[in-house]
């Protein structure tokens, strides 16, 4: 199998897209992906579909695909570092979903999506333990999922209020990408959370990061909260993007020379509220 | 266990336990805990306890799931007692074993809610049962025989009807109402079966059948099962045919070859 950088030319340039997940539009005023595409096609060139196999695809995702819209598949239900999680039944359902969505690639937060097996009440999202020992199990899961689906699998740095382990999250994911020989999805908002949680400047760890493997970026709003004086950012996908997220995004654009896609995660906001955000992203990276 | 062991997954599972259980988190900070090597604990001991409190609804969501799935049990114990499970060794053991939350809860529950607790725990287990592998003869994965106090089934059905389609809301509205007291005496022999559509059938069955199925919850050699059938009252000459019949009816499952 050719190395990732040799496989890279086969990945399409998708431009600026938006995200959705099952039932996202049930909330009043939530984003209507097809309406956005009809009104502003340059701001919704593809749809990143968040998939939890147990829930399937909702009408919005199906309609987008029926219209011939481009997609990426964002998993919401696999702990990549747990071989038990890539069970035959789940993999078969993933392949069926892939056949429906025809995504350009698979991607998603490479963290703990659930404790134990997939079950009611088990869902959460924790970042990986940032130690060298955690690299190989995650890389093996990525390679296994790539082999099972025939698509590239791009791990994403997850959000968190607490990050365990001595490695910087960029150092960890660079090691994972190399071990799995894959590309990366860099979530700028999640990285801003990490830098804040560690008390680091917004661009800590940038030098030496595997920027040539970064295929996709995420930009999303976040809100600042505190518990008894402990500050943290909630990854609420609102329209207020933190200044450090913007700085990370703009620098990532400069460094990620093989970038193919940028997703603005804003699925629960109305179109007028997200237009400024989408325009800023599209303006920073002309489609 | 070596103090040098470092299993990232175990560290993450311990972190989940810390998220659910502030007392366990405090013990991790304070000193050695049996669940972790010293190297694993070193990664977690400096976690700011406030960082574990950023999701104020985490425990409530877990309790909600348990109350929805074991509503009569929650009515008998009280919701506060159900929440107590989140600080239990059984929760932690389940996290480290990748067990279902309901299975860990069932391990903690034991006989706390008497027959109704065991009935609902069995129902939760049957909803998640998967095709077994291995050898021997065992109770089918979609079947469970239970010996419970007399009147348990009627008690369960009555409480379940009272709680309606939203047991969490119903229990929240119970206020200071006394908790129902489940039957304690006598014996009732229950058969719980998962149907093809995933729903569960509850009914009574004969004592020998239920006891034989309970005996077969762990896979047994066929000869061992036949001997148990005889001990429970079957004629020696009929024991083999009885096991064949139960296999044909789908109440028993047989692996590729007996041990």
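Each value in this text was obtained by applying a stated rule to the coordinates, not by laboratory testing. None of these values were measured; they are calculated from a predicted model. Counting neighbours? That spans all protein chains shown, and the Cβs are built from the backbone with ideal geometry, glycine included.
Peptides B:227-240, A:227-240 ranked from most to least packed give A:227-240, B:227-240, packing being the mean of other C-beta atoms within 10 angstrom over each peptide's residues.
What the pair-distance distribution of the stretch A:123-223 shows, using all Cα-Cα distances binned every 5 Å from zero, is 2, 13, 24, 26, 21, 10, 4, 1 percent. Under the rule a/c < 1.5 gives rounded, and otherwise a/b versus b/c splits prolate from oblate, where does the protein assembly as shown land using the Cα gyration tensor? Prolate, since a/c reaches 1.5 and a/b exceeds b/c. How tilted is helix B:236-248 with respect to the longest principal axis of chain B? Cα atoms for both, answer in degrees (0 to 90, nearest 10). That works out to roughly 60 degrees.
FRET efficiency for the residue B:80 to residue B:58 pair, using the beta carbon distance and R₀ = 25 Å, is estimated at 0.90. Shielding of peptide A:85-97 by partners, expressed as the average count of other chain Cβ atoms within 10 Å per residue Cβ, is 0. Annotation for the stretch B:102-176 versus the stretch A:185-226: alpha-carbon center distance of 46 Å. Work out, in µm²/s and without decimals, the Stokes-Einstein translational diffusion coefficient of the stretch B:57-175 at 4 °C, 1.567 mPa s, Rh from Kirkwood over C-alpha pairs. The calculation lands on 86 µm²/s. Once both labels are positioned 7 Å from their Cα atoms along Cα-to-Cβ, the gap between residue B:150 and residue B:197 label points is 3.5 nm. Taking every C-alpha pair closer than 8 Å and separated by at least 6 residues, the mean separation divided by the residue count of chain A gives a relative contact order of 20 percent.
Given R₀ = 22 Å, FRET efficiency for residue A:59-residue A:123 by Cβ-Cβ distance, to 0.05? With R0 = 22 Å, the Cβ-Cβ based efficiency is 0.45. The mean count of C-beta atoms from other chains within 10 Å of the C-beta of residues in A:126-139, rounded to a whole number, is 4.
A simple spin-label model places the labels of residue B:133 and residue A:52 2.8 nm from each other, with each point 7 Å out along Cα-to-Cβ.
Our analysis of chain A gives Rg over Rh at 0.93, with the two radii drawn from alpha carbon positions and Rh computed by the Kirkwood formula. Per-peptide packing, taken as the mean over residues of other Cβ atoms within 10 Å, places B:73-79, B:198-204, A:104-110 in the sequence A:104-110, B:73-79, B:198-204 from highest down. Between the alpha-carbon centres of the stretch A:239-287 and the stretch A:1-29 there is a gap of 14 Å.
Please label the shape of the stretch B:8-53 as rounded, prolate or oblate, based on the square roots a ≥ b ≥ c of the eigenvalues of the alpha-carbon gyration tensor (a/c under 1.5 means rounded; beyond that, a/b larger than b/c means prolate, else oblate). Because a/c hits 1.5 or more and a/b exceeds b/c, the stretch B:8-53 counts as prolate. Summary value for the stretch B:58-254: 23 percent relative contact order, contacts being C-alpha pairs under 8 angstrom separated by 6+ residues.
What's the Cα-based Rg to Rh of chain B, Rh via Kirkwood? Taking Rh as the inverse mean 1/r over Cα pairs, Rg/Rh reads 1.04. If you take the beta carbon distance between residue A:27 and residue B:237 as r and set R0 to 60 Å, what does 1/(1 + (r/R0)^6) give as a FRET efficiency, to the nearest 0.05? Between residue A:27 and residue B:237 the formula returns 0.35. Counting Cβ atoms of other protein chains within 10 Å of each residue's Cβ and taking the mean over peptide B:100-106 gives 3. Please label the shape of the stretch A:174-275 as rounded, prolate or oblate, based on the square roots a ≥ b ≥ c of the eigenvalues of the alpha-carbon gyration tensor (a/c under 1.5 means rounded; beyond that, a/b larger than b/c means prolate, else oblate). Oblate, since a/c reaches 1.5 and b/c is not below a/b. Using a Gaussian network model of chain B in which every pair of alpha carbons under 10 angstrom is joined by a spring, one finds that among B:191, B:157, B:114 the greatest mean-square fluctuation is at B:157. Each Cα pair under 8 Å and six or more residues apart adds its sequence gap; the mean of these over the residue count of the stretch A:1-77 is a relative contact order of 32 percent. The peptide list B:211-218, A:182-189, put in order of mean Cβ contacts within 10 Å with the highest first, becomes A:182-189, B:211-218.
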